[in-house]
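Data block below; observations after.
The values are calculated or read from the model by the stated rules, or taken from the named source; none is laboratory data. Predicted model, so just to flag it, every value in this text is computed and none were measured. Positions of Cβ are generated from backbone atoms using ideal geometry, with glycine treated the same way; all protein chains shown enter the neighbour counts. For the accessible areas, the whole protein counts, side chains as well, though only heavy atoms, and no ligand, DNA or RNA atoms are used. Shrake-Rupley method; radii C 1.70, N 1.55, O 1.52, S 1.80 Å.
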Amino acid sequence: MDNKINLIEKSYIRKRVFKGKLQSILFYLCRIFSINQKKIVFCCIEGTTGYTCNPKYIAKELIKRRKGYRLVWLVNDTSKKFPKEIKVIKNTLFNRAYHLTTSKIWIDNSRKQLECRKRKGQIYIQTWHAKLGFKPTCLDRGKSFSRIAYIVSKHDSDMVDYWLSNSDWYDKTLTTGSLYNGKALRTGSPRCDILVNDKEKQHKKIRLKYGLEEDVNIIMYAPTFRSGSQSTGRIVQTNECTLDYSRLIKSLKKRFGGKWYIFLRLHPQLVAGQKHKIRNRTENMRIIDVSRKDDMYEILAGCDAFITDYSSAAFDAAVMEIPVFLYCDDYSEYQKERGMLLWDLKKLPFGLAEDNEELQTVIENFDENAYTLRLQEFFKITGMTEDGKASKRVVDFIEQIIKVNKMS
């Protein structure tokens, strides 16, 4: 049986690699066109999401400076909303080949496809879609890191010129966690700028947008992405959620007071065809689905608490110093599939629960002063810095690159 699986995997890898080499011909052909020194091409999660994550906040800062940059965004669904200053391009093979080959700078938060080829004189800035995180990636996954995943990751990392970082801890993970040995830019995470700078603004904006009273409280629940073995393809997996929403709201009200709403945020790759598997356990619950909103951070900035299982967004939410809780009802099983987690969850500042009864206890016994002290200690130990200036630092660096190019 193992031999049969190995043969299937080897065949799959050969096909993927051959297809990548064949399609890369387009990238070489497009080199007849010169590089536009003010052209910057963005993409998020292989084009599956829209105007979001770290690339969004870098683009916003570029637009704000009005320097005449030509901003291009590759996206699968061109009906998604973007600022008028950004040229939205359908994420097809030909469009990738042409626009990436003729741009000065690439900005992405995920892996480039195997066919992508960077030419001399171009700069690739990898923002990634997480910094501090729970889930092991690349070599840190051990045996669960498949050969094809290694090939795709290595191909992308070898093209990257600069990788954004927000901490000493993250710097140290890049070699094994990202297969990256190049230059790390300690800028912070652009997507966290809104969490630092616009909390009050988003608090009012989000409640107005969803027709809620201004004094209500919101907790965002964002379970993470799950996939099966990556040896021959990614199969999205999701189990029936056991979180008791009614009990959660009652616990929050008992500990913090006020009226609470749950904003449900499924991972973008879990939304299509999977939403029915996460059902409300009681009727007439105060639950609002925000899964299809491209930018989670605009909403998170207006929230009063956050709950997840293994999403790196827990560390981002902690920047706002709001209560963060971990509901991990499949802790053991998840580690078996994904690999040993990067943190001992019991040693983190966040409240940890493996069932609803434990979650109730964790919430009702929440100690704000102790939590704040533990957060500060955690930030100190990791060397984590999120001060709301990440986007400015990245764009300052981009302007230096373009200025140097003009002078040369």
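Quick one: accessible area per residue over the chain, 1.4 Å probe, rounded to a whole number of Å²?
Numbers: 19420 Å² over 408 residues.
On a per-residue basis, 48 Å².
Using just the alpha carbons, could you tell me how many Å³ per residue the convex hull of the range 102-231 encloses?
Per-residue hull volume (Cα only) is 163 Å³.
Mind listing the long-range amide H neighbours of TYR69? Cut-off is under 5 Å, sequence gap 5 or more, other chains count too, H placed in the peptide plane at 1.01 Å from N.
Sorted by chain and number, the residues that satisfy this come to none at all.
Find the eigenvalues of the gyration tensor of the Cα atoms of the chain, then list the square roots of 5 times those eigenvalues as equivalent ellipsoid semi-axes, largest first, in whole angstrom.
36, 26, 20
Once amide H atoms are placed 1.01 Å from N in the peptide plane, what residues at a sequence separation of 5 or more from TYR310, or on another chain, have their amide H within under 5 Å of its amide H?
When sequence neighbours closer than 5 places are left aside, the close amide H contacts are THR224.
When only Cα pairs under 8 Å and 6 or more residues apart are kept, what is the percent relative contact order across the chain?
After rounding, I find 18 percent.
If R0 is 25 Å, what FRET efficiency do you get for LYS38 and ASP171 from their C-beta distance, rounded to 0.05?
0.25
Taking θ as phi - 60°, what are the ³J(HN,Hα) couplings along the range 117-125 by the Karplus curve (6.51, -1.76, 1.60), each to the nearest whole Hz, with x for Gly and Pro?
9, 8, 9, 4, x, 9, 10, 10, 9
Roughly how many percent of the accessible protein surface of the chain is carbon and sulfur, given a 1.4 Å probe and a whole-percent answer?
Details: 9740 of 19420 Å².
So the carbon and sulfur contribution to the accessible surface is 50 percent.
What percentages make up the Cα-Cα pair-distance distribution of the range 298-408 when the bins are 10 Å wide from 0?
That works out to 12, 36, 28, 13, 8, 3, 0, in percent per bin.
For GLU46 and ILE8 in the same chain, what is the full-extension length gain: residue separation times 0.36 nm, less their Cα-Cα distance, in nm?
Numbers: separation 38, 0.36 × 38 = 13.68 nm, distance 2.52 nm.
So the chain would gain 11.2 nm between GLU46 and ILE8.
Which order do the peptides 97-103, 376-382 take when ranked by the mean count of other beta-carbon atoms within 10 Å per residue, highest first?
Answer by packing, highest mean first, reads 97-103, 376-382.
Set the Förster radius R0 to 41 Å, insert the Cβ-Cβ distance between MET285 and MET340 as r into 1/(1 + (r/R0)^6), and round the FRET efficiency to 0.05.
On the way: r = 35 Å, r/R0 = 0.86.
Efficiency computed from Cβ-Cβ geometry: 0.70.
Most fluctuating residue of ILE262, ILE123, ILE151 in a GNM of the chain with Cα springs under 10 Å: which is it?
Maximum fluctuation in the GNM of the chain, among the listed residues, is at ILE151.
How do the peptides 74-86, 44-56, 190-202 rank, highest first, by the average count of neighbouring beta carbon atoms within 10 Å per residue?
Averaged packing, sorted descending, gives the order 44-56, 190-202, 74-86.
Residue by residue through the range 329-338, which ³J(HN,Hα) values in whole Hz follow from phi under the Karplus form 6.51 cos²θ - 1.76 cosθ + 1.60 (θ = phi - 60°), with glycine and proline marked x?
Here the 3J(HN,Hα) series is 7, 10, 3, 5, 5, 5, 5, 5, 7, 8 Hz.
At 1.4 Å probe size, put HIS155, HIS129 in order of accessible surface, largest to smallest.
Highest to lowest solvent-accessible surface, that is HIS129, HIS155.
Over 16 Å apart: what share of the alpha carbon pairs of the range 356-408 falls there, rounded to a whole percent?
68
Can you grab the distance from the C-alpha centre of the range 37-72 to the C-alpha centre of the range 313-368, Å, no decimals?
Value for the Cα centre distance between the two parts: 33 Å.
Filter the cross-link list LYS84/LYS293; LYS10/LYS154; LYS21/LYS183 down to pairs whose alpha-carbon distance in this structure exceeds 23 Å.
Beyond 23 Å between Cα atoms: LYS21/LYS183.
List, largest first, the extents of the alpha carbons of the range 7-66 along their principal axes, each in whole Å.
Largest first, the range 7-66 extends 53, 31, 11 Å along its Cα principal axes.
Taking 0.36 nm per residue of sequence separation and subtracting the Cα-Cα distance, how much length would be gained by fully extending the chain between VAL216 and TYR28, in nm to one decimal? Don't jump to the answer; show the numbers that get you there.
Values: separation 188, 0.36 × 188 = 67.68 nm, distance 5.57 nm.
Fully extending the segment from VAL216 to TYR28 adds 62.1 nm.
Among the listed pairs LYS112/LYS204; LYS67/LYS199; LYS254/LYS392; LYS172/LYS205, which have their C-alpha atoms separated by more than 32 angstrom in this model?
The pairs that break the limit, which is 32 Å between Cα atoms, are LYS112/LYS204; LYS254/LYS392; LYS172/LYS205.
Using modelled backbone amide H atoms (1.01 Å from N, in-plane), which distant-in-sequence or interchain residues come within less than 5 Å of ILE287's amide H?
Residues meeting the amide H criterion: ILE262.
For the range 79-89, take each phi angle, set θ = phi - 60°, evaluate the Karplus expression 6.51 cos²θ - 1.76 cosθ + 1.60, and give the result in whole Hz per residue in order, putting x for glycine and proline.
7, 5, 7, 9, x, 5, 6, 9, 7, 8, 10
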